[in-house]
Amino acid sequence: MEQYDVIGLGIGPYNLGLATLTTEKSNLKTIFFDQNGQFAWHPGMLIEGTDLQVSFLADLVTFANPTSKYTFLNYLHEHNRLYKFFFFHKFEMPRAEYASYLKWVVEQLPNCHFKSEVKDVIDHDDHYEVVVNHWGEQKERSYFTKHVVLGTGSTPMIPFELDNIGSEHAHHSSQYVYLKDRTIKADHITIVGSGQSASEIFYDLFKLQEHFNYHLSWYTRSPGFLQLDNSKLGQEVFTPDYVDYFHSLSFQERQDSLDHLGQLRKGIDRNTIHSIHELLYHRSVDNKKLPVTIQPLTEIQKVVKNGSRLKVKARQWQKDEDVSFETEKIILGTGYKPNIPDWFYQRFEDKIEWEDDKRFKVDGNFRLVFKNGHRDHHFYTLTNLEHSHGTGATNLGLAVDRNIQIINEIAGETIYEEKRETIFTQFDPE
């Protein structure tokens, strides 16, 4: 029976980083599967002119091996764009270029397979059996592995019922680019949410508004449209040192800490929110009345189709007052939730420990904690980690350190050095 050291489920940036690092330096036998037909990173949100909110150093490999041929800088070099990026004078990568970089890496790796849906994972005494439907070849096959890494990413969060309203009228921000040409033909467009995606969509549509006839509304239940805190000492929570500290806290302390970390983790990039305000100001010269509504403190509760329009019921929660209005299109910049496959609950729900009814217990090395105690074949997860690893859950730079820890543990030796004491801030008293 052929057995792998690691099988990765899903190929997004996190598992792609793991596939890259294991291919380049370790002797681990690995294979990764993804149900999609080809690699694509958030294609529906590749709005022209938008950048990532992290440095180009937070690519797939740099924090583990800056000399790797798979760095973003080498991607630029190979595509004769290094001088252009040099004069770009930014630390951040354009979103579209980050997507191209990831695709460039995928195309060089022999261990990444698409059109391959994982249908089941069976826990045997000392290994796992992974059942894969290779739908491109119309065949199903079992693979055997010592360890599994769940990297199935996230799925759009829809916080209220849409009563079977089609995507033509209401859709998540992840579909924005695909439906934009039809969206801008509406007479009233509503955006919901207060994060980076919602702000980028608002700005994109606001720039186009002069050429069309739509009213543009922007609602959020948050207290305001707040800027992401990019202070240098504050950002030191996005480091392995802080993740170690965070994981050492009790479950309740971790939950409380997530609330305190809110503005460091969620918010609108400074350039985006400033650009929005500047354009609002310029267009309002001579006190022109703008066809724009910007309203925080308002939670959308229900959307009902009314002919060709949508009737929206909401609540201004601070004053406890009902709000209602009509719109033609709604775009939900309401974020994402962990994408956990159905087979996971059927196979593992009763075998593992849970911190509450939705969040499974994860140890410091990103392994699920099983009720039966010691085992030498592990189930690692890169998904649903906010409660256990805080800032390390979705940060691209910290994903590399996570992969380093997983690789070193599986290999039983130091393949990549784990860097600690990397910052000026101290979280634990000496």
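Just so you know, all these numbers are worked out from the coordinates, no wet-lab data involved. All figures in this text were calculated on a predicted structure; none of them were measured in a lab. Heads up, the Cβs are rebuilt from the backbone with ideal geometry, glycines too, and the neighbour counts pull from every protein chain shown.
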Two-decimal Rg to Rh for region 168-227 - Kirkwood Rh, Cα set: 0.94
Rounded, prolate or oblate: pick one for region 328-430, where a ≥ b ≥ c are the square roots of the eigenvalues of its C-alpha gyration tensor, a/c under 1.5 means rounded, and failing that, prolate if a/b is larger than b/c, else oblate. oblate
Considering Cα pairs under 8 angstrom that are at least six residues apart, work out the relative contact order of region 281-430 and quote it in whole percent. 10 percent
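Can you give the relative contact order of the chain as a percent, counting alpha carbon pairs under 8 Å and 6+ residues apart?
21 percent
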Cut-off is 10 Å between beta-carbons; in what order do ASP320, ASP51, ASP204 appear when sorted fewest neighbours first? ASP320, ASP204, ASP51
Kirkwood hydrodynamic radius (C-alpha pairs) into Stokes-Einstein, the chain, 10 °C and 1.306 mPa s, D in µm²/s: 68 µm²/s
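Tell me the Kirkwood radius of region 146-259: reciprocal of the mean inverse pair distance over distinct alpha-carbon atoms, in Å.
17.8 Å
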Sequence-distant or interchain residues sharing an amide H contact under 5 Å with PHE212, placed H: which? none
State the Cα centre-to-centre distance between region 349-373 and region 1-78 in whole Å. 26 Å
Helix 95-106 against the longest principal axis of the chain: what's the angle in degrees, Cα atoms only, rounded to the nearest 10? 20 degrees
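Normalized C-alpha radius of gyration of region 198-264, against 2.2 N^0.38 Å?
1.66
Distances over 17 Å make up what percent of all Cα-Cα pairs in region 1-44?
Summing the P(r) of region 1-44 above 17 Å gives 35 percent of all pairs.
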Quick one: GLU200, GLU430, GLU236, fewest Cβ neighbours within 10 Å first, how do they rank? GLU430, GLU236, GLU200
For LYS232, list the aspartates and glutamates whose Cα falls under 15 Å from its own Cα; do not include residues on the same chain fewer than 8 positions away. ASP269
Anyone know which of SER154, SER116, SER388 comes out most mobile in the 10 Å Cα GNM of the chain? SER154
ASP125, ASP363 arranged by Cβ crowding within 10 Å, fewest neighbours leading: ASP125, ASP363
Which order do the peptides 263-272, 167-176 take when ranked by the mean count of other beta-carbon atoms within 10 Å per residue, highest first? 167-176, 263-272
For the chain, take the longest principal axis of its alpha carbons; what is the angle in degrees between that and the long axis of helix 270-283, to the nearest 10 within 0 to 90? 10 degrees
What value, in deg cm²/dmol to 500, does the helix sum -39500 (n - 2.57) over DSSP H runs of n ≥ 4 give at 222 nm once divided by the residues of the chain? -8000 deg cm²/dmol
If packing is taken as the average number of other Cβ atoms within 10 Å across a peptide's residues, how do 367-380, 398-411, 101-114 rank, most packed first? 398-411, 101-114, 367-380
Taking a ≥ b ≥ c as the square roots of the eigenvalues of the Cα gyration tensor, with a/c under 1.5 meaning rounded and otherwise prolate when a/b exceeds b/c and oblate if not, region 20-120 is oblate
What Kirkwood hydrodynamic radius do you get for region 17-65 when you take the inverse of the mean 1/r over all pairs of distinct Cα atoms, in Å? 13.6 Å
Excluding same-chain residues fewer than 8 positions from LYS311, which lysines have a Cα within less than 28 Å of its Cα? LYS180, LYS185, LYS207, LYS288, LYS289, LYS302, LYS319, LYS329, LYS337
